[in-house]
Amino acid sequence: MKPHLLLAALLFIAIAPASIAHAAEPVAAPTFAGTTLEGQRYDLGARRGRVVMAVLWRSDCPVCIDKLPELRANAQGWKTAPFDLVLINLDTSKSDAQTYQRLRRQVAPGEQSVYSFWQGEVQLPAAWRTADRLPHTLIIDREGKVAATFQGRIPPAAWNQVADLLP
């Protein structure tokens, strides 16, 4: 193989860390409702008019843990915009999810527009639970339709897409 083709292939592999699936036409969002780890009721259907980034993750996923601070920081940057960050913990143990939540509140008190759930206390479409790679991220537009999904590392382009959907 020619050196420049090999270099191009390696570069492509290095800069394409996430599986990305963009819907040509936004797909209607499934029903999603539940109670947050802090006892607050959340219903995606009642959040029309807001852009929602839903991230499914586990505490034993290094990529997930690495990305969570960035996700929360970006959400705080948009705290005055119609934007929600929904974090859905897929751990099998609720106590693991609660431990992470307590630590998060100690490190970042007063976060707004960040909603954390444990998978056992939320009505969640089965397809959301069976992602091949975590984190599994869905961007839901202001009409409640899934505009994009990402598996694995969340690329910077996801935040550009969120910004494009905001008024």
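Throughout, read-outs are computed from the coordinates displayed, never taken from laboratory work. Everything quoted here is computed from the prediction, not taken from an experiment.
Values as computed for the structure displayed
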| item | result |
| --- | --- |
| Cut-off under 5 Å, modelled amide H: who pairs with L87 long-range | V55, Y115, S116, F117 |
| Those aspartates and glutamates that a straight Cα-Cα span of less than 13 Å connects to K79, excepting residues fewer than 8 apart in one chain | E111 |
